[in-house]
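The values are calculated or read from the model by the stated rules, or taken from the named source; none is laboratory data. The shown structure was predicted, so the numbers you read here are calculated from the model rather than taken from an experiment. Counting neighbours? That spans all protein chains shown, and the Cβs are built from the backbone with ideal geometry, glycine included. Ligands, DNA and RNA are stripped out before the accessible areas are found, and what is left, the full protein with its side chains, is counted by its heavy atoms. Shrake-Rupley method; radii C 1.70, N 1.55, O 1.52, S 1.80 Å.
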Amino acid sequence: MPILIADSGATKCEWCLVGPGKRTTVVFTQGISPYFLNTPQIESIIRNELLPTLKKPRITDVYYYGTGCSNPANVKLIKAAIEHVFTEATVQVTHDLMAAARALCGRNKGIACILGTGSNSCYYDGKKIVQNSPGLGYVLGDEGSGAFLGKKVLQYYLYNTFDDELKYKFDIKYHSSATDILENVYRMPLPNRYLAGFALFLSENRGHYMVENIIEDGLNDFFFTHLCKYGESWKYPIHFTGGVAYAFKDVLTELSRSYELELGRILQNPMEGLIEFHSGKNVTSHKQPKRTKQ
């Protein structure tokens, strides 16, 4: 019978209906944040944006992964909404870091990392998250994330560190004054997403030494601050998901080599791995030799 998998952020939710023969139907709805939506509002999103595209299949299981779901009260709120819609299904609700761990590691031990708008990581033992390097958000932490890298781009621009070439390219692309930038960072909502938007400038200007320095330094901060805190990093593969990880996988490869770490999967988003996980396939085929940290 079909199963339904959801991976939700605050702005967008990806739903994937996996049917017999692993046939899939993918639907995008608005994001579901339990901090801004109550149970009836979430139920309304599901009924109005998701159900009309599913053609009323009899779904047996719903696996929902989403932002804010480390909080038990939020889990209860979202689970109630889903159960009101899919009355015959078994519903499981958990957080986005578990989505990354299952998508990347499957049922094997490993380190799962998220490098998107924000950043996070954990040691996963094949069943549960055993250790999580604390995330401090975009103001104090989020090393290696889009917000972290975007902040560096703005610093280089506003401090006139960029050379004439990059400054010209920045001005042509964004048409933003220092006043505009500071207004968006300090007064407008969702400054982390605003900052993360400037990470695109890095991917569009690869090869320039200043751009390469920002990327490598930012990702190295993630390795040093977080991955080096796990003793398991030198025993099991290090996996990544997220737009930043996917865009700069060549840098992740070089950093993994320099830290003598085994690089595993790099996925743009977790859904591919979640489909494999919930279809019963062991998603990782990497050998996992035990190593001793040098």
(message) Across the stretch 194-248, what fraction of all alpha-carbon pairs, as a whole percent, falls in each successive 10 Å bin from zero upward?
(response) 20, 47, 26, 7
(request) Could you work out the local net charge near A89, counting Lys and Arg as +1, Asp and Glu as -1, over the other residues with Cβ closer than 15 Å to its Cβ? (result) 0
(request) Compute the label zone of F224 within the stretch 135-163: residues whose backbone N is under 20 Å from the point 7 Å along Cα-to-Cβ. (result) 135-156
(request) Work out how far the C-alpha atoms of the chain reach from end to end along every principal axis, then list the three figures in whole Å, largest first. (result) 61, 49, 33
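Order of 56-68, 250-262, 154-166 by packing, highest average Cβ count within 10 Å first?
By packing density, highest mean first, the sequence is 56-68, 250-262, 154-166.
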(message) Between 0 and 90 degrees, rounded to the nearest ten: what's the tilt of helix 96-105 against the longest Cα principal axis of the chain?
(response) 90
(request) Return the calculated 222 nm mean residue ellipticity for the chain, to the nearest 500 deg cm²/dmol, obtained by summing -39500 (n - 2.57) across DSSP H runs with n ≥ 4 and dividing by the residue count. (result) -12000 deg cm²/dmol
(request) Send over a whole-number figure in Å² for the accessible area per residue of the stretch 146-206, probe 1.4 Å. (result) 58
(request) With 5 Å bins from zero, work out the P(r) of the stretch 153-198 over every alpha carbon pair and list the percent per bin. (result) 5, 21, 33, 25, 12, 4, 0
(message) Report the gain in length on full extension from K56 to T25: 0.36 nm times residue separation, minus Cα-Cα distance, nm rounded to one decimal.
(response) 9.9 nm
(message) Please compare each pair in K151/K229; K12/K249; K152/K173; K12/K152 to a cut-off of 20 Å on the Cα-Cα distance and tell me which ones are over it.
(response) K151/K229; K12/K249; K12/K152
(request) With the Cα gyration tensor of the stretch 113-171 in hand, convert its eigenvalues to equivalent ellipsoid semi-axes via √(5λ) and list them largest first in whole Å. (result) 34, 10, 7
(request) Please give the length that would be gained between L190 and R47 if that part of the chain were fully extended, namely 0.36 nm times their separation in residues minus their C-alpha to C-alpha distance (nm, one decimal). (result) 48.7 nm
(request) Excluding residues on the same chain fewer than 8 positions from K79, give the aspartates and glutamates whose Cα lies under 20 Å from its Cα. (result) D7, E14, E43, E49, D61, E88, D96
(message) Only four residue types carry charge here, +1 at the Cβ of Lys and Arg and -1 at the Cβ of Asp and Glu. Report the dipole size of the stretch 107-160 about the Cα centre in Debye, rounded to the nearest 20.
(response) 240
(request) Report, in debye and to the nearest 20, how large the dipole of the chain comes out about its Cα centre when Lys and Arg carry +1 and Asp and Glu carry -1 on their Cβ. (result) 1200
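Ignoring any ligand, DNA or RNA, what whole percent of the accessible area of the chain comes from carbon and sulfur when the probe is 1.4 angstrom?
Values: 7420 of 14530 Å².
Answer for the chain is 51 percent, counting heavy atoms of protein chains only.
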(request) Let me know the shape class of the stretch 1-66, please: from the alpha-carbon gyration tensor, a ≥ b ≥ c as square roots of the eigenvalues, rounded when a/c is under 1.5, otherwise prolate if a/b is greater than b/c, or oblate. (result) prolate
(request) Note down the net charge around S177, summing +1 for each Lys or Arg and -1 for each Asp or Glu among other residues with Cβ under 10 Å from its Cβ. (result) -3
(message) Taking every pair of distinct Cα atoms and averaging 1/r, then inverting, what Kirkwood hydrodynamic radius in Å comes out for the stretch 55-175?
(response) 17.4
(message) Highest mean first, how do 263-273, 115-125 rank when packing is the count of other Cβ atoms within 10 Å averaged over residues?
(response) 115-125, 263-273
(request) Could you compute the FRET efficiency for D171 and T11, with r as their C-beta to C-beta distance and R0 at 30 Å, rounded to 0.05? (result) 0.60
(request) Between the alpha-carbon centers of the stretch 161-205 and the stretch 113-145, tell me the distance in whole angstrom. (result) 25
(message) Below 10 angstrom from the Cβ of R206, what's the summed charge of the other residues (Lys, Arg +1; Asp, Glu -1)?
(response) -3
(request) Compute the distribution of all C-alpha to C-alpha distances in the stretch 133-253, in bins of 10 Å from 0, and list the percent of pairs in each, rounded to whole numbers. (result) 12, 44, 32, 10, 2
(message) Explain nothing, just the number: dipole magnitude of the stretch 156-226 about its Cα centre with +1 on each Lys and Arg Cβ and -1 on each Asp and Glu Cβ, in debye rounded to the nearest 20.
(response) 300
